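Encoded as structure tokens, the structure appears first; notes follow it.
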Amino acid sequence: MDKYRRLVQMPCRHTLTSLFRVCFVFNLGFAWTCFAQTDLVHRGVPEQVQQINQLVAEQWQAYNLRPSPPASDAEWCRRIYLDILGRIPRVEELDDFLGSKDKDKRSQLVNRLLYDDTYTEEYARNWTTLWTNLLIGRTGGTDNNSQISREGMQKYLRDSFARNKPYHRMVYELVTATGSPAPRNANFNGAVNFLIDKVNMDDAAQATAATTKTFLGLQVQCTQCHNHPFNEWKQDKYWEINAFFRQTRARNAGRRAAAMNETAELVDVDYRGPAGIQDSAEIYYDLRNGEVAVAYPVFVDGTSIERDGRVDVVNRRQKLGELIVESPYLGMTMVNRTWAHFLGYGFTKPVDDMGPHNPPSHPELLEYLTNEFRKYDYDLRSLITWIVLSQPYALSSKISAGNKSDDPLLGETPKFSRFYVRQMRAEELYESLVVATQAEGTQGSYEEQERQKNLWLRQFASAFGTDEGDETTTFNGTIPQVLMMFNGELMRAATSSDRGSLIARLANNPRLKDRDRFVYLFKAGLSRTPTRDELNLCEEILKINRGNQTEALKDVWWTILNTNEFIFNH
Amino acid sequence: MLFRTPTGMSRRHFMQHLASASAFSGSALALGHTLQLNASELARNQKSAILLWMGGGPSTIDIWDLKPNSANSGPFKPIATKGDMQICEHMPMTAQVMDKLSIVRSMSTREADHDRGRYYMHTGYVPNPNIEHPSYGAVIAHELFGQRRDLDIPPFVAVGGSSEGPGFLGMAWAPFTVNSNGQVRNLNMQMDPERFALRLNALSRLEKKFIEENRGTAALEHAKVIEKTVNLMSSQQMAAFRVDDEPQELKERYGQNNFGRGCMLARRLVQAGVPFVGVDLGGWGNHKGIFPTLQNDRLPTLDRAMSALVEDLDNRGLLQNTAIIWMGEFGRTPRINGTAGRDHWARGWSVVVGGAGFKGGITVGATNDDGTDVVGTSYSSEDLMASVCHSLGISLETTFYSRSGRPMKIANSGKVIKELFA
């Protein structure tokens, strides 16, 4: 708490404090942990939801926008399953929700998806997927050249999300972890996978950049070699953060060790610095003019720690972890990231580049939610609840006459006066197909299922060939994706009529009429019933198939799964 | 019909099936197997560009602009070439084609971060959170596509990694990413073509409903990409991707590795009329132990494939219509760092161009004796892009409009590097 107060009261000579002046005045009067975890979703609308609604609506007024009408229950239901669990709703789940007459049914559903044991595994899987991609990329741990264990990373994350570990605890563990990456290792600690391949190369440049970017929303990587071109970052800042990682070593982490199957380990060891001064272990770096400068560990807010390089005197990474956990940027970045996950755009673009050079679109709201998130002891499920119960999240994605100008694709900052359509992620498509075709449980154990999914996902990942491991995905609405949806193996399985398949079960269910079967497919894929026009189309297809139900169902199901409406979260 | 009927022989039949919803009869169609590709004819007088992208930032001071008398010099010696310049001794095959390539030694840029540098060098613009600019591939494909309406292959193909995207030009101009084996996954429809046509027809009707609900441009883009995919699936031009059909001798000449195959594939695609092909060679981020990596690994791969590409294009008469651009995000620090590596350096570095309208065998601009700074006029990404457009006959008066209607000059109003043209 003291450190936190000091940070906020610090004079404004420092870069970051100027941001606080602009968009961030913290209320220090709160009590941290006085709220019980269980009672977060009350009957009625939580105060945080009302605040979101109000602060977003203020911008609508300011920009003379009229929001789109609310989305239907069915649309909202599809959204929330996709965004919280990473898949579309089953037909039964959709029917349950639509059938409920309870006024409070939306918050009940949110509650169920977040807190009911039935959904814990899926919830944890979805957030594990998101965070695995964030922490080690889509390709991390998928080849033999690195000691990253994707499985170990996922095990750690799954456990954290399933138990609802407070976010700041999770970050502290990821930043300070020691141990071995793979579950089979004796001193296994899955959290080490975040840093294990980022500390040895290039004086831990990747560890420095990834840690500040991922958890604090601060991009310092450019300042490794020179002052930042347009934010106020100076080169010394980079190296002062970098100095926190100099005790850290990844043992047996190289290609050779990986090939030899030696156990890697992330450890902290005494650091002496190039000059060998143990009690003041410094680092050197090159200035652009060719001169050499010196740096010691100093956090982004200017807090210095002891310069001693001995781990038992001061463990630099643990100090860094403590400072990160105390930093207001921690919550702010997570709020921004989480908002972007649900609403399609964050308050800044990109979400992990914050600072005076990139002012947020809704500064008050960002500040408010950051404070609340912290008040609730960094409880992710509370944050999710507030966002998904808000008005902006519940708006239709249809553009109306009153909000044409609210289009982030036109370079406007998002005003959230409608729900911005976006494509499913590859993982969401995969899980949705599994659920929609009722293929759960037919693919073996959890590990086996994940292995199959990862194998399938690999076709979309491609790397840029830099030393920072930048990468991209071809699951982005381009031709390879459409080819996969047209002809891929996964789609062939999803639309097959083999024994036990969705099509076979529908076709062979004597209680269903032709029409019921088509309606079922529309609900399974699009979470809605077909229009009259669409039913006519189905009838035509049945006729072309000379009355063969199975074949007609296959045609209709293939068609539904290939639509824009299916692949978009709308 | 939402999906436009494309051109082409076999496709016409195919599309007739698409045209009527209930036309589920008639004979099976043989798609994409019967007709021979008559590529060289197709490509005559059509301009194309091939970008050799060196991901990670190549050390141009060790390749194209050596400083043997400086303390910053690495161990490599300069050798004579067929052009009016010297280059690195570990590029002997390329030295033999330097009469067809020219080096710009006075690139000076400001983006020394990988992401930012990649974006800037690909688009001519610095990254801006409010807008996404189209990259080389999208711009050139967009401008040259009109010359070849018969092309079914996407006009922007990225071999290997993945290039920067189409920005505000839209997903229809996005790179079509393939691996260097030319293998296109999931290309074969797993059913009777008539049945496929039936499904497409039904799909077109469902797509239309969602588009008309006015939920933004993404829905319409989805339909456009479907149309392009259908074109591709039913096209005999896909034979251009069968890089394995090349004679063994030529495969060896290019090098039996991803980059070598990628360059060979690029030639095949250009020959088939594709206006823009990007081929990636990564692994230039040599912060440590740079010289053995360059000498034993990167340079031999580059030398073989790059020289083979120039030769092969030239032998087929394609070089005069095909611009080659070799570049990365930035160069590397002239000063060798404490771990025998070089770090990021954008202030003075080199790129290489050739083919199309470019003059060969010359150098443009220079850096100072220790390689740290440009002497005289320096050039930017915008200037390079303007020069490439000029070499392809694309007017620099071309203006794009962002989605919000903001006009943007092609190549960000860069100036043509005059020395590169006769």
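Within region A:385-416, can you find the residues that are more than 10 Å from every other protein chain (Cβ to nearest Cβ), within 30 Å of B:PRO127 (Cβ to Cβ) and of a type in the set (Val, Ile, Thr)?
If the condition is that a residue be more than 10 Å from every other protein chain (Cβ to nearest Cβ), within 30 Å of B:PRO127 (Cβ to Cβ) and of a type in the set (Val, Ile, Thr), then A:ILE387 is the only one that fits.
Open to solvent by less than 30 Å² (accessible area, probe 1.4 Å), touching a residue at least 60 places away in the same chain (Cβ under 8 Å) and of a type in the set (Ser, Thr, Tyr), is that true of A:THR263?
no
Looking at B:ALA356 and the list (1) at positive phi; (2) without any contact (Cβ under 8 Å) to a residue 12 or more places away in the chain, which single condition is not satisfied?
All conditions are met except number (2).
How do the pairs read when you match residues in region A:417-434 that are within 14 Å of chain B (Cβ to nearest Cβ) and surrounded by 21 or more Cβ atoms within 10 Å (Cβ to Cβ) with residues anywhere that are of a type in the set (S, T, N, Q) and assigned to a helix (DSSP H, G or I), using Cβ under 6 Å and keeping only pairs 6 or more apart or on different chains?
From residues that are within 14 Å of chain B (Cβ to nearest Cβ) and surrounded by 21 or more Cβ atoms within 10 Å (Cβ to Cβ), the pairs are A:SER417/A:ASN403; A:ARG418/A:ASN403.
Restricting attention to region B:302-309, does a residue exist that is away from chain A (no Cβ under 14 Å), closer than 30 Å to B:LYS77 by Cβ and among the acidic types (Asp, Glu)?
yes
Would you list the helices (runs of 4 or more DSSP H) that sit entirely within region A:438-534 and hold 1 or more residues that are more than 22 Å from the chain's Cα centre (by Cα) and among the charged types (D, E, K, R)?
Qualifying helices (runs of 4 or more DSSP H): A:446-457, A:489-494, A:502-508, A:514-526.
Can you name every residue in region B:334-344 that is open to solvent by less than 20 Å² (accessible area, probe 1.4 Å) and either facing another protein chain (nearest Cβ under 8 Å) or of a type in the set (Ser, Thr, Tyr) (or both)? Full working, then the answer.
Of the residues in region B:334-344, the ones open to solvent by less than 20 Å² (accessible area, probe 1.4 Å) are B:334, B:341-342, B:344.
Result: B:HIS344, single match.
Out of B:ALA219, B:ALA239, report the one residue that is aliphatic (A, V, I, L, M) and in contact (Cβ under 8 Å) with a residue 40 or more places away in the chain.
Sole residue among the options that is aliphatic (A, V, I, L, M) and in contact (Cβ under 8 Å) with a residue 40 or more places away in the chain: B:ALA239.
Restricting to region A:308-318, give me the number of residues that are surrounded by fewer than 19 Cβ atoms within 10 Å (Cβ to Cβ) and among the basic types (Lys, Arg).
Count: 1.
Tally up the residues in region B:165-183 that are more than 7 Å from every other protein chain (Cβ to nearest Cβ) and farther than 21 Å from B:SER404 by Cα, please.
Final tally of qualifying residues: 7.
Would you check which residues across region A:58-78 are open to solvent by 30 Å² or more (accessible area, probe 1.4 Å) and not in a loop (DSSP other than H, G, I, E, B) and list them? Quick ask: steps written out before the conclusion?
Filtering region A:58-78 down to residues open to solvent by 30 Å² or more (accessible area, probe 1.4 Å) leaves A:58-59, A:61-64, A:66-67, A:69-70, A:72-73, A:75.
Residues satisfying the conditions are A:GLU58, A:GLN59, A:GLN61, A:ALA62, A:PRO70, A:ASP73, A:GLU75.
Per-residue answers, yes or no, for (1) open to solvent by less than 20 Å² (accessible area, probe 1.4 Å); (2) in contact with a Cys (Cβ under 8 Å, 6 or more places away or on another chain); (3) within 10 Å of chain B (Cβ to nearest Cβ); (4) more than 30 Å from B:PHE176 (Cα to Cα):
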{"position": "A:PHE460", "(1), (2), (3), (4)": "yes, no, yes, no"}
{"position": "A:GLN481", "(1), (2), (3), (4)": "yes, no, yes, no"}
{"position": "A:LEU490", "(1), (2), (3), (4)": "no, no, yes, no"}
{"position": "A:ALA504", "(1), (2), (3), (4)": "yes, no, no, yes"}
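Can you tell me how many residues within region B:197-223 are under 16 Å from A:THR495 (Cβ atoms) and facing another protein chain (nearest Cβ under 8 Å)?
So the answer is 5.
State all residues of region A:343-353 that are open to solvent by 10 Å² or more (accessible area, probe 1.4 Å) and either away from every other protein chain (no Cβ under 14 Å) or of a type in the set (A, V, I, L, M, F, W, C) (or both); if no residue qualifies, say none.
Matches in region A:343-353: A:VAL351 only.
Anything in region A:108-126 that is within 16 Å of A:GLY190 (Cβ to Cβ) and buried (at least 22 other Cβ atoms within 10 Å of the Cβ)? List them, or say none. Working first, answer last.
Filtering region A:108-126 for residues within 16 Å of A:GLY190 (Cβ to Cβ) gives A:124-125.
Answer for region A:108-126, where residues must be within 16 Å of A:GLY190 (Cβ to Cβ) and buried (at least 22 other Cβ atoms within 10 Å of the Cβ): just A:ARG125.
Quick one: which of A:LYS554, A:LYS543 is buried (at least 21 other Cβ atoms within 10 Å of the Cβ) and within 11 Å of chain B (Cβ to nearest Cβ)?
Residue meeting the stated conditions: A:LYS554.
What are the residues in region A:366-412 that are in a helix (DSSP H, G or I), buried (at least 20 other Cβ atoms within 10 Å of the Cβ) and touching a Lys or Arg at 6+ places or on another chain (Cβ under 7 Å), if any?
A:ASN403
Hey, could you check region B:377-405 for residues that are in a loop (DSSP other than H, G, I, E, B) and within 28 Å of A:ASP407 (Cβ to Cβ) and say which is farthest from the other protein chains (Cβ to nearest Cβ)?
So, considering only residues that are in a loop (DSSP other than H, G, I, E, B) and within 28 Å of A:ASP407 (Cβ to Cβ), the one farthest from the other protein chains (Cβ to nearest Cβ) is B:THR398.
Within region B:284-294, is even one residue within 11 Å of another protein chain (Cβ to nearest Cβ), free of Cβ contacts under 8 Å to residues at least 24 places away in the same chain, within 22 Å of B:SER108 (Cα to Cα) and open to solvent by 10 Å² or more (accessible area, probe 1.4 Å)?
Checked against the condition, which is being within 11 Å of another protein chain (Cβ to nearest Cβ), free of Cβ contacts under 8 Å to residues at least 24 places away in the same chain, within 22 Å of B:SER108 (Cα to Cα) and open to solvent by 10 Å² or more (accessible area, probe 1.4 Å), region B:284-294 yields no hits at all.
Tally time: how many residues in region A:189-203 are surrounded by fewer than 24 Cβ atoms within 10 Å (Cβ to Cβ) and assigned to a helix (DSSP H, G or I)?
Of the residues in region A:189-203, 3 are surrounded by fewer than 24 Cβ atoms within 10 Å (Cβ to Cβ) and assigned to a helix (DSSP H, G or I).
Checking A:ILE283 against (1) within 14 Å of chain B (Cβ to nearest Cβ); (2) under 30 Å from A:GLU412 (Cα atoms); (3) of a type outside the set (Lys, Arg); (4) buried (at least 19 other Cβ atoms within 10 Å of the Cβ), which test does it fail?
(2)
Answer yes or no as to whether B:ARG316 is in contact with a strand residue (DSSP E or B) (Cβ under 7 Å, 6 or more places away or on another chain) and either more than 18 Å from B:ALA386 (Cα to Cα) or of a type in the set (D, E, K, R) (or both).
So B:ARG316 does not fit the description; no.
Under the condition of being open to solvent by 70 Å² or more (accessible area, probe 1.4 Å) and part of a strand (DSSP E or B), which residue from region A:244-260 is farthest from A:SER304 (Cα to Cα)?
Per the stated criteria, the residue is A:ARG251.
Please identify the pairs in which a residue from region B:244-261 that is over 21 Å from B:PRO92 (Cβ atoms) has its Cβ atom under 7 Å from the Cβ atom of a residue that is in a helix (DSSP H, G or I), counting only partners at least 6 apart or on another chain.
Filtered contacts from region B:244-261: B:GLU246/B:MET264; B:ARG261/B:VAL243; B:ARG261/B:TYR254.
Give me the pairs: first residue in region A:363-380 and closer than 16 Å to A:GLN50 by Cβ, second residue surrounded by fewer than 21 Cβ atoms within 10 Å (Cβ to Cβ) and modelled with pLDDT of 95 or more, beta-carbon distance under 6 Å, and six or more apart or on different chains, which are they?
A:GLU364/A:LEU55; A:LEU365/A:LEU55; A:TYR368/A:GLN51
Kindly establish whether B:LEU232 is surrounded by fewer than 20 Cβ atoms within 10 Å (Cβ to Cβ), closer than 27 Å to B:ALA141 by Cα and in contact with a helix residue (DSSP H, G or I) (Cβ under 9 Å, 6 or more places away or on another chain).
In short, no.
State whether the residues of region B:354-363 include one that is farther than 27 Å from B:ALA272 by Cβ and β-branched (Val, Ile, Thr).
Yes, region B:354-363 contains a residue that is farther than 27 Å from B:ALA272 by Cβ and β-branched (Val, Ile, Thr).
The values are calculated or read from the model by the stated rules, or taken from the named source; none is laboratory data. All values derive from a computational prediction rather than experimental measurement. Ideal geometry is used to build each Cβ from the backbone, glycine not excepted, and the neighbour counts take in all protein chains shown. Protein only, heavy atoms only, side chains kept; ligands, DNA and RNA dropped before computing areas. Shrake-Rupley method; radii C 1.70, N 1.55, O 1.52, S 1.80 Å.
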